[in-house]
Amino acid sequence: EEQPRFQSAADKRAHHNALERKRRDHIKDSFHSLRDSVPSLQGEKGTKTKLTLPPAFPYEHLPFPTVFCHG
């Protein structure tokens, strides 16, 4: 894949910021999907990430977004 060419450092920073925002949104959406897949957490809107993971472990066989498989 060809890397984009930037006119300035500001363009490079803006591109990086957009990619990082997209990455964070994907992670957030993936945690919402995980939370909604765990019966004891379904319907919870303010569940924190650290509270989402422990109850989810018995459900690790369920197909979750690939964000949970990548480091």
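Points worth noting:
- Phi-derived couplings, Karplus 6.51 cos²θ - 1.76 cosθ + 1.60 at θ = phi - 60°, listed residue by residue for region 26-38: 5, 4, 4, 5, 5, 5, 4, 5, 4, 4, 6, 8, 9 Hz, with x used for Gly and Pro.
- Counted residue by residue at 0.36 nm each, then reduced by the alpha carbon distance between them, the extension gain from LYS28 to PHE6 reaches 5.0 nm.
- Cα pair count fraction exceeding 12 Å, expressed as % - region 1-46: 70 percent
Each reported figure results from applying straightforward, stated rules to the coordinates on display, with no laboratory input. Predicted model, so just to flag it, every value in this text is computed and none were measured.
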